[in-house]
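Below is one structure, written out as structure tokens; the observations come after it.
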Amino acid sequence: MSDSIDPEGTEIEVIHELVDFSSKKVLEVGCGDGRMTRRYADRAALVLALDPNADKIERAIDSTPEPIRSKVRFRVADIADAELTPQAFEVAILSHSL
Amino acid sequence: MHALRRIHHSLRPEGVLLDLHPQPEHAGVEVWQEGRVERLGHVGQEEDITEILEARDRLDLVEREGWYITEGRRFFDLLSHFPSPEDWLEYQAREGYTGMVSKELLASANRLLATGDGEFVVREPIRASLLKRLPRPGSDDPSPGFGALPGK
């Protein structure tokens, strides 16, 4: 079903206009089913993607293609209480999550 | 607010935060069919709009307090395509979204889609903001430039 959201790729085009993900460590908050994660993770060095919804994280893991699996970690967590290393990331993404 | 501060803590001194959230407007509902676009109305989402405005207030506040500064902003429409209104309703329920449309709008969409191949499309206006992390005066933030912001 994710493919029915933004098949035009407008969102990822805008994101790449604003952020250079090349070799960056990325924290994504509110990753949902990983729809956006799958679209930029190939450029990043490492992605930690959080969402408090376990079903969505399960879908995110299942739908992550093999070539980017090694660099993406999906975790069921809320940013309010997730254990995060200080100053560990160059980029953070808040997607519909404030 | 707490989320924005936690993210600040986990970002490197030169780090950036990309925030994506809908504009405080109702998403549009359209039927696309044989090269034509029929605009049928809007998704009722008063609750969402209130939450969006509150989220913006939180972002504005952390910026005024000197945690971040906006470096770039873009606006775009996020389009979601569904074979039918029922597929959209199923998606809404599965994702836990609360926006709804009137029965009349659903009936109009189904009438149009019954006449041939087409799509039920929801057009959501989005704001993307790029914010640069700033050192936090008064903390143990070792970022370069700490204390170098006049008036902060």
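The values are calculated or read from the model by the stated rules, or taken from the named source; none is laboratory data. Because the structure is a prediction, the values reported are computed rather than measured. Using ideal geometry, Cβ is built from the backbone for each residue, glycine included, and neighbour counts are taken over all protein chains shown.
Residue check, residue B:72 against (1) under 22 Å from residue A:93 (Cβ atoms); (2) of a type outside the set (Ser, Thr, Tyr); (3) exposed (fewer than 13 other Cβ atoms within 10 Å of the Cβ), all met but one. Which one?
Tallying (1) under 22 Å from residue A:93 (Cβ atoms); (2) of a type outside the set (Ser, Thr, Tyr); (3) exposed (fewer than 13 other Cβ atoms within 10 Å of the Cβ), residue B:72 fails exactly one: (3).
Quick check on residue A:58: is it assigned to a helix (DSSP H, G or I) and more than 19 Å from residue A:94 (Cβ to Cβ)? Steps first, please.
Values: assigned to a helix (DSSP H, G or I): yes; more than 19 Å from residue A:94 (Cβ to Cβ): yes.
Here the answer is yes, as residue A:58 does meet what is asked.
Just to verify a result, which residue in segment A:64-98, among those that are farther than 14 Å from residue A:46 by Cα and part of a strand (DSSP E or B), is modelled with the lowest pLDDT?
A:95
Would you please name the residue that is nearest to the chain's Cα centre (by Cα), looking only at residues in segment A:6-23 that are over 18 Å from residue B:125 (Cα atoms) and either facing another protein chain (nearest Cβ under 7 Å) or buried (at least 16 other Cβ atoms within 10 Å of the Cβ) (or both)?
The residue in question is A:21.
I'd like the full set of residues that are β-branched (Val, Ile, Thr) and surrounded by fewer than 17 Cβ atoms within 10 Å (Cβ to Cβ), limited to segment A:57-67. Write out each step before concluding.
Initially, segment A:57-67 is screened for residues β-branched (Val, Ile, Thr), giving A:57, A:61, A:64.
Within segment A:57-67, just A:61 meets the criteria.
Suppose we filter B:77, B:57 for residues that are at negative phi, assigned to a helix (DSSP H, G or I), within 11 Å of chain A (Cβ to nearest Cβ) and acidic (Asp, Glu); which single one remains?
Values: B:77 fails: assigned to a helix (DSSP H, G or I).
When all the criteria are applied, what remains is B:57.
Pairs under 8 Å by beta carbon, first residue within 11 Å of residue A:89 (Cα to Cα) in segment A:35-52, partner buried (at least 23 other Cβ atoms within 10 Å of the Cβ) and among the hydroxyl-bearing types (Ser, Thr, Tyr), six or more apart or different chains?
These pairs meet every condition: A:47/A:37.
Only one residue in A:45, A:80, A:54 is touching a His at 6+ places or on another chain (Cβ under 8 Å), surrounded by fewer than 16 Cβ atoms within 10 Å (Cβ to Cβ) and aliphatic (A, V, I, L, M). Which one? Walk me through how you get there before you give the answer.
Numbers: A:45 fails: touching a His at 6+ places or on another chain (Cβ under 8 Å); A:54 fails: touching a His at 6+ places or on another chain (Cβ under 8 Å).
Among A:45, A:80, A:54, only A:80 is touching a His at 6+ places or on another chain (Cβ under 8 Å), surrounded by fewer than 16 Cβ atoms within 10 Å (Cβ to Cβ) and aliphatic (A, V, I, L, M).
Looking at segment B:5-44 only, could you name the residues that are outside any strand (DSSP E or B), charged (D, E, K, R) and touching a Gly at 6+ places or on another chain (Cβ under 8 Å)?
Within segment B:5-44, just B:34 meets the criteria.
May I ask you to say which residue of B:128, B:109 is surrounded by 13 or more Cβ atoms within 10 Å (Cβ to Cβ), at pLDDT 95 or above, part of a helix (DSSP H, G or I) and of a type in the set (Gly, Ala, Ser)? I'd like the intermediate steps shown before the answer.
Details: B:128 fails: part of a helix (DSSP H, G or I).
Of B:128, B:109, the one residue that is surrounded by 13 or more Cβ atoms within 10 Å (Cβ to Cβ), at pLDDT 95 or above, part of a helix (DSSP H, G or I) and of a type in the set (Gly, Ala, Ser) is B:109.
Name the residues in segment A:40-55 that are assigned to a helix (DSSP H, G or I) and either in contact with a Pro (Cβ under 6 Å, 6 or more places away or on another chain) or small (Gly, Ala, Ser) (or both), would you?
The initial filter retains those residues of segment A:40-55 that are assigned to a helix (DSSP H, G or I), namely A:40, A:54-55.
Matches in segment A:40-55: A:54 only.
From the residues in segment B:24-40 that are within 17 Å of residue B:99 (Cβ to Cβ) and surrounded by fewer than 16 Cβ atoms within 10 Å (Cβ to Cβ), which one is farthest from the other protein chains (Cβ to nearest Cβ)?
The extreme case among them is B:39.
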